[in-house]
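Report on the structure given below.
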Amino acid sequence: TVSGLATDGLVLANGGDTVSVPSNAVTFTMPSTVAFGSPYDVTVAADPVGLTCSVSNGSGAMPAADVTNVSVTCSAQSYTLGGTVSGLVTGGLVLANGSDSVSVPATATSFTMPNKVAYASPYAVKVKTQPTGLSCTVGSGSGTMPAANVTTVSVTCVAQVFTLGGSIIGLVSDGL
């Protein structure tokens, strides 16, 4: 049986005998037969992109019947999510991807979220807490996790602007 195979690329081997298993397959059969009493050892020759597959009950001596209890289980690989930071001159910036968050220290130029993200899962990095006196925005912060680490999220911080003014008392003529 096969479970969790969401993409093409899985190749199973028994010695020199190989079979490519298509995405969403739930069963497989090796192309060549095995003689009674001969050893067999089904292994993963190639994992699909973004997945890791493992075999259980894959080896033994061929009985006097078909072997149908070999199981292949595939699961998504996880990758890091991060990027660059610019203009962060004070502390207090907290970034979040769902419930995962990271505090970014003052003067940092990069960040990486603490938890990896599974292949093909959505991500959306947002500013959870703005640093004092700055306004930070996130660029390229959302998408679907590829089969690689994401380092292209950009966080840009700029100083907030405030008005300066007050009141004048006793001014009776122009020219101040």
Taking each pair of distinct Cα atoms in the range 1-104 once, what is the resulting Kirkwood hydrodynamic radius in Å? 16.6
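What accessible area per residue, rounded to a whole number of Å², is obtained for the range 23-81 using a probe radius of 1.4 Å?
Values: 3370 Å² over 59 residues.
That works out to 57 Å² for each residue.
Largest first and in whole Å, what are the equivalent-ellipsoid semi-axes of the range 1-51 based on the Cα gyration tensor, each being the root of 5 times an eigenvalue?
Details: eigenvalues 97, 24, 13 Å².
Semi-axes from the Cα gyration tensor: 22, 11, 8 Å.
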Ignoring ligands, DNA and RNA, please state the percent of accessible area on the chain from carbon and sulfur, probe 1.4 Å. 54
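Compute, for the chain, the length of the dipole vector about the Cα centre, with Cβ point charges of +1 (Lys, Arg) and -1 (Asp, Glu) only. Units Debye, rounded to 20. Show your work: numbers first, answer last.
Working: 3 positive and 7 negative charges, 99 e Å.
Approximately 480 debye in magnitude.
Before I look further, what does the range 104-176 give for accessible area per residue, probe 1.4 Å, in whole square angstrom?
Numbers: 4990 Å² over 73 residues.
Per residue, the range 104-176 has 68 Å² of solvent-accessible surface.
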Give me the Debye-computed log₁₀ of I(q)/I(0) at q = 0.15, 0.16, 0.17, 0.28 Å⁻¹ for the range 75-150, equal point scatterers on Cα only, no solvent, two decimals. -0.48, -0.54, -0.61, -1.37
List the chymotrypsin sites (Phe, Trp or Tyr not before Pro) in the range 1-102 that DSSP assigns to loop (not H, G, I, E or B) and whose Cβ has at most 16 other Cβ atoms within 10 Å. Which are they? Phe36
Answer label for log10 I(q)/I(0) by the Debye sum over Cα atoms at q = 0.09, 0.15, 0.17, 0.19 Å⁻¹ (calculated), chosen among (i) -0.54, -0.85, -0.96, -1.09; (ii) -0.37, -0.83, -0.99, -1.17; (iii) -0.46, -0.90, -1.03, -1.14: (i)
Note down the relative contact order for the range 6-60 as a percent, whole number, built from C-alpha pairs under 8 angstrom at least six residues apart. 38
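The values are calculated or read from the model by the stated rules, or taken from the named source; none is laboratory data. Nothing here was measured: the structure is a model prediction, and the numbers come from that model. Note that we place each Cβ from the backbone using ideal geometry, even for glycine, and neighbour counts take in every protein chain shown. Just so you know, the surface numbers come from the protein's heavy atoms only, side chains and all, with ligands and any DNA or RNA stripped out. Shrake-Rupley method; radii C 1.70, N 1.55, O 1.52, S 1.80 Å.
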